[in-house]
Amino acid sequence: MGKRLDILVPFLNERETATEFCAVAAKLAAEAEARFGLDTGFVLIDDGSTDGGAALYEEHMSGRWTLVRLSRNFGKESAILAGLDHADGDYVLLMDADLQHTNEVALDMIGRLLADPELDMVYAVRADRNESQSLGRWMAQGFYYLINMGQRYEIPANAGDFRVMTHRFAAAMRQLRDQRRFNKGLYAWAGFKQERIQYRPAERQGGASKWSRRKLIAFSLEGFTSFSVVPLRVVSLFGAGVALLGFLYGLKILLEVLFTGVAVPGYPSLMVAVLVLGGLNLALTGLVGEYVWSALSEAKNRPNYIVKSLTHSQAEKAPGERKSARQHG
Ligand code: UDP
Ligand code: MG
């Protein structure tokens, strides 16, 4: 029997593309078998869908599959962890349900991983979406520059969850039980030899993206507070700099009064000092709060997700004694 490939697919309200996805998934499994001799199964994770889409997958998926339904929407990052906990293949591929991640790229990544025994992960990097220097792109560049400052590992820009990994990489990911999950950072943190390939995501085939700009910004903050102390250091340094300037300015006023007897009109300088320092204090308090909140979430140590139900295909249930799927922890 060939090696096993588990394909993890987290989905949230993807009813519109569910049926088509099942057809595309069947093709992918057939290709992986034909080209690489892999025995492919799917782990679908329903991340709290409310559109009744899960039933469509149950009806239309073929071959070996498991459907893990979570008790509510926990976010894609946690859904992926749930999937990993229910997968035990020799290789694990992560894929979106909205058909933006094409079979072609997936097979290309699998081929590369299989070809090099030293490799433990191949991931897809979006080719520049917007060639122009848009504000969003500029912000993203700044984000990756800052988060990677002074780290021993690099979090690559424009890489998402479209990846294939070996079972030992998957085991490493399972060990990382961060509550506020920032997968891109976790993949980088885990180490191993990784390779990137470029791809252009296909258009979404239906439904809408779950990412608003507001969500993206919140997510970036989570990334920062779980992977970097740079923001704290930057603000502290800036605060120290401002304090030093204030001190020098005070010294200058004092000397002026002593030697020339000219009193400086006070109001503007006071206002500047109050506003600058007050603003800085507020910003720093907020930032510290972010880190405290992050520490608090970890300290509570709640499970990363709750499973509502688990269903398997006949093919999955029947043959052999598969070791029973792991629950969290
Ligand atoms: N998704 C999920 N839980 C969420 C948000 C998204 O499981 O809370 C799934 C979604 O159904 C899709 C994948 O994650 O299969 C990628 O989401 P989306 O297409 O919205 O992201 P984008 O491609 O726009 O970055
Ligand atoms: Mg998408």
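The values are calculated or read from the model by the stated rules, or taken from the named source; none is laboratory data. The shown structure was predicted, so the numbers you read here are calculated from the model rather than taken from an experiment. FYI the Cβ positions are ideal-geometry reconstructions off the backbone, even for glycines, and counts take in every protein chain you see. Ligands, DNA and RNA are excluded from the accessible area calculation, which covers all protein heavy atoms including side chains. Shrake-Rupley method; radii C 1.70, N 1.55, O 1.52, S 1.80 Å.
General observations
- The chain, relative contact order [Cα under 8 Å, separation at least 6], %: 24
- For the stretch 18-30, Karplus couplings with θ = phi - 60° (6.51, -1.76, 1.60), whole Hz, Gly/Pro x: 4, 5, 5, 4, 4, 5, 5, 5, 4, 5, 4, 4, 5
- For the chain, the Cβ-based charge dipole about the Cα centre amounts to some 780 debye (Lys, Arg positive; Asp, Glu negative; other atoms uncharged).
- C-alpha long axis of helix 267-300 to longest principal axis of the chain, angle in °: 30
- A 1.4 Å probe run over the chain, with the rest of the protein chains in place, finds 54 Å² accessible per residue.
- The fraction of accessible area contributed by carbon and sulfur in the chain is 60 percent, rounded to a whole number (1.4 Å probe; ligands and nucleic acids excluded).
- Taking the charge dipole of the chain about its Cα centre, with +1 at Lys and Arg Cβ atoms and -1 at Asp and Glu Cβ atoms, the residue from Pro201, Leu114, Met271 reaching farthest to the positive side is Met271.
- Taking the longest Cα principal axis of the chain as reference, the axis of helix 135-147 is set at about 90 degrees.
- Cα Rg, Dmax (largest Cα-Cα span) when computed across the chain, Å: 25.3, 96
- Count Lys and Arg as plus one, Asp and Glu as minus one, and take only other residues whose Cβ is under 9 Å from that of Gln179; the net charge is then +3.
- Gaussian network model of the chain, springs between alpha carbon atoms under 10 Å - residue of Arg213, Arg174, Arg137 with greatest fluctuation: Arg213
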